[in-house]
Amino acid sequence: MQLNVPEILLMIARDDTLAKGDLYRLALTSPQWRDIAENVLWQCMEGILPVLSPVPDLCSKVDLIATRELSRAIKAEDWVSESVLRRRALVTELVMPCEHWWDVQEAVAACPPLDKLFPNLRRFTIVARSPYDNRGIHPGVLDVIISPTVTTLHLVNVRTAHIADPNALLIRCRELVDIRVDHKPEPLDEPYGDGFAILVIEAVQQYEDLTSLDLSLHACFDGYDLEVLAEMPGLHSLALRCIRPWERPDDIPPPPQLDRESFHALRKLELHDFIYQDVLAVIQSVPDRPLQSIRLTVAMASSQSLTNLTEAIGKYCNTSTLQTIGISVKYKNNAVWSLYLVHLQPLSVFVRVRHIILQHVCTPTLADKDVVKLAEWWPELRRLVLTKVWGLSSVARLTLGALVPIAERCPDIERVVLPINALEVPGSGPMVQSRTRSTFTLDVGEAAIADAVAVAQFIGHIFPSIREVEHEREYPWQAAGGRGMKWKRVNEVLRARQSAAD
């Protein structure tokens with residue numbers, strides 16, 4: 001098939017690796033690029049200024065790309081020019097990084113269009129706060145953007161001062177199916193965010209068709225909140241982050257009262273910094289649900305707590321659908337304990353799992369033979385992540401030999417993060433070569449290493465597609481002749497090997 005120039009340009013414009021700034025510049029170079037940009041780039045808009053760029057004398061190329069300021073005030077006739085109307089109609093997704101566009105926001109609020117700014121807007125993201133500017137979104141701009149057509153609303157880094165009444169904002173979008181609220185209050189001005197959180201919880205209950213809910217609130221979720229959310233019939237994805245956990249054990253309310261009809265349609269579950277008993281109650285309420293992903297961050301008092309948690313996941317989650325299991329451990333009362341294979345045994349029932357992520361655990365107790373078991377349990381693994389508690393200085397028991405069963409039994413593996421040591425390279429006996437079908441990445445953390453060249457040859461043999469080994473950087477005073485320099489040498493050898501193969 002022979003492609004003409006516009007089709008080729010369109011393919012280039014849709015290339016995800018091409019930066020948006022490059023597309024802006026290309027759009028200003030020729031009519032062909034301008035037309036393509038209007039049909040590809042403008043559908044997902046960042047800020048308001050690009051829509052106004054065709055207006056004469058309003059902003060220069062430098063203003064559009066760098067300063068993001070206007071050369072003059074907006075006039076009523078600027079909104080109704082043919083090119084501006086066309087672009088406004090094309091925009092279906094808008095991201096407002098407010099710190100970059102405050103001057104433009106003021107100009108729009110001073111002379112807004114007579115109708116909605118983006119009549120076909122479906123997805124709206126407000127990034128209200130940054131280290132550079134804390135003014136948020138201009139109320140006048142919000143009025144001309146928010147409309148009943150919006151089905152996805154994300155509020156990122158928002159303060160109460162930015163949106164004092166989230167309930168009033170949310171109910172202006174009656175067709176919402178996807179809500180995200182990331183509340184980041186100022187510690188001095190807003191020591192507690194309970195009022196804001198209550199308004200958000202009240203607002204989301206009004207959406208019977210809501211399918212995705214992601215709340216990161218500076219407040220303490222309780223059992224009642226979970227009971228309310230459990231009754232939402234169409235909720236497919238639920239992610240809750242409790243930024244301010246309960247401070248005193250006496251204040252902790254009883255676990256939620258959930259039944260077999262709770263979270264009826266749930267596919268994806270994330271609970272971060274929730275009370276351990278509440279997490280167990282939610283897991284026990286989803287038997288036979290086609291759950292595809294579960295991610296938890298929870299404080300545990302003992303290793304038995306982890307065993308009970310993995311047993312609950314193995315007992316109540318659907319073994320044929322669950323593909324992602326993520327557990328980030330927090331050690332309650334500073335009691336640090338080790339991870340053993342027995343803690344993971346209950347998860348062996350998920351033979352089709354693709355992603356296993358265990359973070360902040362004491363993993364040096366795992367041995368190479370244990371990884372053999374993991375590879376046998378989960379042959380469809382694409383990602384295996386085991387990270388240890390930060391600052392734990394003991395040498396890991398896992399060696400380079402732990403990579404062999406993964407290479408042998410997990411042909412779809414894409415990423416492995418293991419706290420191994422590379423002080424010894426396995427002998428010259430039979431050594432499998434990975435059958436991985438994609439580029440493989442390996443992260444060894446703070447792994448000790450002896451012979452860099454031998455390590456590179458071993459890793460490059462069992463994982464031929466690997467190009468680099470990721471590792472923890474050393475402080476400058478540790479770098480000279482240390483492990484960082486040796487892992488750098490490993491990567492040099494791996495890159496040379498790949499160049500020769502290419």
Please give the net charge around Thr297, taking every other residue with its beta carbon less than 10 angstrom from that of Thr297, where Lys and Arg add +1 and Asp and Glu add -1. +1
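Residues with beta-carbon under 9 Å from that of Gly445, excluding Gly445: net charge, scoring Lys, Arg +1 and Asp, Glu -1? Could you put the intermediate results ahead of the total?
Values: positive: Lys388; negative: Asp443, Glu446, Glu470, Glu472.
With Lys, Arg at +1 and Asp, Glu at -1, the net is -3.
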For Arg180, what residues show an amide H to amide H distance below 5 Å, using hydrogens built from the backbone and excluding near sequence neighbours? Leu153, His154, Leu155, Asp214
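Please compute the net charge surrounding Pro233, taking Lys and Arg as +1 and Asp and Glu as -1 over other residues with Cβ under 11 Å from its Cβ. The partial results should precede the final answer.
Numbers: positive: none; negative: Glu208, Asp209, Glu231, Glu261.
So the surrounding residues net to -4.
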Under the rule of at least 5 residues apart or a separate chain, name every residue whose amide H is placed under 5 Å from the amide H of Lys330. Val298, Ala299, Met300
How large is ³J(HN,Hα), in whole Hz, for each residue of the range 329-335 in order, when computed from phi with the Karplus curve 6.51 cos²θ - 1.76 cosθ + 1.60 and θ = phi - 60°, using x for Gly and Pro? 8, 10, 8, 6, 6, 6, 8
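Starting from the range 211-297, pick out the chymotrypsin sites (Phe, Trp or Tyr not before Pro) whose DSSP state is loop and whose Cβ has at most 12 other Cβ atoms within 10 Å.
Numbers: sites: Phe221, Tyr224, Trp246, Phe263, Phe274, Tyr276; in loops: Phe221, Trp246, Phe263.
Answer in residue order: no site qualifies.
What shape does the range 214-360 take by its C-alpha gyration tensor, where a ≥ b ≥ c are the square roots of the eigenvalues and a/c under 1.5 counts as rounded, a/b above b/c as prolate, and the rest as oblate? Write down the numbers at each step before the final one.
Details: a/c = 1.72, a/b = 1.02, b/c = 1.68.
The shape class here is oblate.
Here, each number is a calculation from the coordinates, and none is a lab measurement. Source: prediction; values computed, not measured. Glycine gets a Cβ as well: all are built from the backbone with ideal geometry, and neighbour counts include every protein chain shown.
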